[in-house]
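See structure below.
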Amino acid sequence: MSMINQYVRPEILSTPGYVPGEQPQEQGFIKLNTNENPYPPSPRVVEAILQAAKRLRLYPDPMANAFRRVAARVLGVEPQWILCGNGSDDILTIVTRTFVGQGQWVRYPHPSYVLYRTLAQIQGAYFEEVSFRPDWTLPEEFGRARDGLRLVYVATPNSPSGTLIRPEVIARWAQQLPCPILVDEAYVDFADQNCLELVRQYENVLVSRSLSKSYALAGLRFGFVVAQPQLIEQLAKVKDSYNCDALAIAGAAAALEDQEYLAQIRARILATRRRMAQRLQELGFQVTPSQANFLWCHHPERPARELYEELKKSRILVRYLEYRGWPPGLRITVGTDEEVDQCLERLAQLV
Ligand SMILES: *Cc1c(COP(=O)(O)O)cnc(C)c1O
């Protein structure tokens, strides 16, 4: 009999673990399932990485200051307000480990990013899932204090819905909550509002960002959090000393430097999103208005799972998602116009 069940902490044994979207290793798929950017990153990114590759003998800067300086300028904060991570998932891990201990509570909305639950479970913490209303707003109780509550996560724009929570609402919660609130802005570059201003006003607001989606750098693994410097100092103790590698720091700094490029690909994606939502509606889909680079939809007559399977047979990957208490749906990434047209044509044959 294996002893593994005795070796491993019970919290880990009982955690299913986070399951990311499929990444087929063969070519030839239209990939609209993990919200990657369909366009390449800024050409300056590759240049910067090639330069940095000449200095790989040395350890990277532990605080990624080259990135912090550029990001601070772009965002209008000071570099000490920024902590960098190996993707924003790393930021979520650092934040959770800093604030949440065993037997304490975290809170987040349902349905939302599934990683929040995994992170709480790994800490041996309890989690409170507050359901969205059918219109994707949250009840006021989401911002209420409770004993033992140590951290609140909220993704805005949210996944899978693509909907935004207004900064005024987050500000109200920040004032009522006895703990930090982590505002996960992984998709915010596709939205028309963000919560960065709140970081100045409230010491318990942290805003995390990712370079994976809007900057087309999912493979580079780079994200960051903006918070007041006294908080950043504490988070820095928890992170791995060299959590961002030298290539990632150089590439990420170059990406943020090129705001003009970001504006170009953003505009394209928003135009495609508008057209895609309209066409899906014409095909009879219910489409949630999106502020992100994906659309959440379902068809009243055709089960989402069937549509997902049929699309996959045609080598078009979308994300089929089912959440307790919610009708299953498809989360479809906004790809290039050609990719989206192929997906829409196939769907038109299926519904
Ligand atoms: C993609 C995503 C992240 C993580 O992004 P990385 O920077 O690639 O780790 C975080 N939160 C949400 C809601 C996401 O969709």
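The values are calculated or read from the model by the stated rules, or taken from the named source; none is laboratory data. Note that the structure is a prediction, hence the values are computed from the model and not measured. Reconstructed Cβ throughout: ideal geometry from the backbone, glycine too, with neighbour counts over all protein chains shown. To get the accessible areas, we keep the full protein, side chains included, count just its heavy atoms, and leave off ligands, DNA and RNA. Shrake-Rupley method; radii C 1.70, N 1.55, O 1.52, S 1.80 Å.
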State all residues of the range 150-164 that are of a type outside the set (Val, Ile, Thr), within 14 Å of the ligand (Cβ to nearest atom) and either more than 26 Å from residue 15 (Cα to Cα) or in a strand (DSSP E or B) (or both); if no residue qualifies, say none.
153, 155, 157, 162, 164
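Residue-by-condition table, conditions (1) among the β-branched types (Val, Ile, Thr); (2) within 23 Å of residue 136 (Cα to Cα):
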| position | (1), (2) |
| --- | --- |
| 290 | no, yes |
| 295 | no, yes |
| 312 | no, no |
| 316 | yes, no |
I'd like to verify a number: residues in the range 153-167 that are farther than 19 Å from residue 210 by Cα and crowded, with 21+ Cβ neighbours inside 10 Å, how many?
0
Subset of the range 190-210, residues touching an Asp or Glu at 6+ places or on another chain (Cβ under 9 Å) and of a type in the set (D, E, K, R), comes to 209
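Among the listed residues 249, 170, which satisfies the condition of being at pLDDT 95 or above, in a helix (DSSP H, G or I) and open to solvent by 10 Å² or more (accessible area, probe 1.4 Å)?
Working: 170 fails: open to solvent by 10 Å² or more (accessible area, probe 1.4 Å).
Exactly one residue qualifies, and that residue is 249.
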Against the definition (in a helix (DSSP H, G or I), in contact with a strand residue (DSSP E or B) (Cβ under 9 Å, 6 or more places away or on another chain) and open to solvent by 20 Å² or more (accessible area, probe 1.4 Å)), how does residue 305 come out, yes or no?
yes
Residues that are more than 19 Å from residue 18 (Cα to Cα), within 16 Å of the ligand (Cβ to nearest atom) and assigned to a helix (DSSP H, G or I), drawn from the range 69-90:
71
Restricting the range 91-149 to residues that are open to solvent by 60 Å² or more (accessible area, probe 1.4 Å), in a helix (DSSP H, G or I) and in contact (Cβ under 8 Å) with a residue 40 or more places away in the chain, the one nearest to residue 239 (Cα to Cα) turns out to be 97
Identify all residues within the range 308-334 that are within 13 Å of residue 29 (Cα to Cα), touching a Phe, Trp or Tyr at 6+ places or on another chain (Cβ under 7 Å) and open to solvent by 20 Å² or more (accessible area, probe 1.4 Å); write none if there are none.
315
Scanning the range 213-246 for residues that are within 13 Å of residue 49 (Cβ to Cβ) and open to solvent by 20 Å² or more (accessible area, probe 1.4 Å), the one farthest from the ligand (Cβ to nearest atom) turns out to be 246
